[in-house]
Amino acid sequence: MDITGRNFSFSTAPTLHFGVGRLGDIGPLCAGVLGARCMIVTDPGLVATGIVARATTALSEAGIVVELFTGVEADPAERTVLAAVEQARAAGVDSVIGLGGGSSLDVAKLVAYLAAVPERLEDIYGVGRAKGRRLPLVLIPTTAGTGSEVTPIAIVTTETHEKMGVVSPALLPDIALLDPELTVGLPAHITAATGIDAMVHAIEAYASASPNNNPVSRALALEALRLLGSSLLRGVNHGDDLAARSRLLLGSLLAGQAFANSPVAAVHALAYPIGGHFKVPHGLSNALVLPHVLRFNVAEAPEVYAEMAPAAFPELADVPAHERGVAFCDALARLSQECGLPQRMRELGIGHDSLSVMAQDAMKQTRLLVNNPRVLTQRDAFDIYEAAW
């Protein structure tokens, strides 16, 4: 990348804490940021694991009163965000902790903002519309995939099944706390889907047509691909391997930092309608369309994919450069299959008659499509869905 005369910006969470057992240190690590009464935003499944109780105990020992909101679901709805905001205001909390997967972290970001600022959720959808000052915020991921702990983005599903994003520096947390031990209990299929999701973040950040695509994001994306590509199958097949879990979590973090500054593109744009209409988890939605979007892009931008391919799959370094982009697409498809993920939308009960509606909805994701290295039309979207069907 030629940086002569190039301007770019790079932002991330000001403080990161990473390491096995870090959740137990949440009190001393975060007390200086958190107030006297914080809300933990999480989901019922995580409550059942005992992880939330461990966090609550550690915070209580630090003299912090905890209010729990446990109603987050996958692909959180607007009503879930509003219910959490109402509870936070009623409880008078002065800080927020997001604990869980990307959905819990996204909801926590919006709660921290809307509980402090008298604005409506629908008025801050889009880029840069949330300009107020949120409550102090700590984010703790329990999956290695979304990178939400270091992104200024929160995604919400509307009543019409459309994915809407709030993108603002105000959503970056004060502290991101990453404990690989929290990911050890993840089932194989979730490990696989979230791991592919993280790889998509790195790939789309590296190839992004955004004017803010920058050498910092690209360096982070390549290192993320090295960590994820070398560890995903191991994490799927040996879920108690803490070394693999650590590499996956760090890879997800780096990919999150990359795409937070060099935004994602058509893979995400086409994945959102799948999740919105059919409740398919976001990581799996990405995995279903990933190789087909990349094959579409490689036809016009082969060099960028050839550059990053050996980071994820070192054996591809020996493939001639003009063939390496296609080989990268094929390797990603094989990895998804080896991880045990469904390869076709019809395997999930998605009918062929839904493809046209999804193609129409994908074209609404203009903030993402503008970053794709190849212009994508509604007909192109339909053809990609059909290839994935």
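The values are calculated or read from the model by the stated rules, or taken from the named source; none is laboratory data. Note that this is a predicted model, so its numbers are computed, not measured. Positions of Cβ are backbone-derived with ideal geometry, glycine not excepted, and every protein chain shown enters the neighbour counts. Surface accessibility is based on the protein's heavy atoms, side chains included, excluding ligands, DNA and RNA. Shrake-Rupley method; radii C 1.70, N 1.55, O 1.52, S 1.80 Å.
Available extension along the chain between Arg346 and Ala53 is 101.5 nm, counting 0.36 nm per residue and deducting the alpha carbon span.
If the cut-off is 18 Å between C-alpha atoms, which lysines fall inside it for Lys279, apart from same-chain ones fewer than 8 positions away? Answer for Lys279, where 18 Å is the Cα cut-off: Lys163, listed by chain and number. Heavy-atom accessible surface of region 132-246, averaged per residue, reaches 29 Å², computed with a 1.4 Å probe. Calculated mean residue ellipticity, 222 nm, the chain: -16000 deg cm²/dmol, from DSSP H runs (n ≥ 4) at -39500 (n - 2.57) each, averaged per residue and rounded to 500.
Only Cα sites of region 242-389 enter the Debye sum here, all with the same form factor; the resulting log10 I(q)/I(0) across q = 0.09, 0.15, 0.20 1/Å is -0.29, -0.82, -1.39, listed in q order. Its Cα gyration tensor gives region 1-116 an equivalent ellipsoid. The semi-axes, each the square root of 5 times an eigenvalue, are 27, 19, 15 Å from largest down.
Between Lys279 and Arg379, the modelled labels are 3.6 nm apart [label points 7 Å from Cα along Cα→Cβ].
Each Lys and Arg adds +1 at its Cβ and each Asp and Glu adds -1 at its Cβ; summed about the Cα centre, region 244-389 shows a dipole of about 500 debye.
Separation of region 89-116 and region 310-389, taken as the distance between their Cα centroids, equals 33 angstrom. Out of the total accessible area of region 86-129 (probe 1.4 Å, heavy atoms of protein only), what percent is carbon and sulfur? Carbon with sulfur: 45 percent of the solvent-accessible area. Among the trypsin sites (Lys or Arg not before Pro) found in region 74-129, those both in a DSSP coil and sparsely packed, with 14 or fewer other Cβ atoms within 10 Å of their Cβ, are Arg120, Arg129. Heavy-atom surface analysis with a 1.4 Å probe gives region 249-326 a carbon and sulfur content of 61 percent of its accessible area.
With coordinates expressed along the principal axes, the C-alpha atoms belonging to region 103-226 extend over 43, 37, 32 Å, beginning with the largest.
Distance between the 7 Å Cα→Cβ label points at Asp240 and Gln360: 5.2 nm. In terms of overall dimensions, the C-alpha atoms belonging to region 216-278 reach 34, 34, 13 Å along their principal axes, ordered largest to smallest.
How much area per residue is accessible in region 1-90 when the probe is 1.4 Å and only protein heavy atoms are counted (Å²)?
With all protein chains present, region 1-90 gives 51 Å² per residue.
Spin-label model, Asp353 to Arg334: label points 7 Å out along the Cα-to-beta-carbon direction sit 3.9 nm apart.
The residues neighbouring Asp361, those whose beta-carbon lies less than 12 Å from its own, together hold a net charge of +1 under the Lys/Arg +1, Asp/Glu -1 convention.
Looking at region 270-376, the GluC sites (Glu not before Pro) that sit in a DSSP loop and have at most 16 other Cβ atoms within 10 Å of their own Cβ are Glu300. At a probe radius of 1.4 angstrom, the accessible area of region 297-389 per residue rounds to 48 square angstrom.
Are there DSSP H segments in the chain that both extend 30 Å or more along their axis (alpha-carbon positions) and score a mean Kyte-Doolittle hydropathy of at least 0.0? List them, or say none.
Qualifying helices: 215-237.
In region 297-369, taking the dipole from charged Cβ atoms about the Cα centre, the farthest positive-side position among Val298, Phe313, Val357 is held by Val357.
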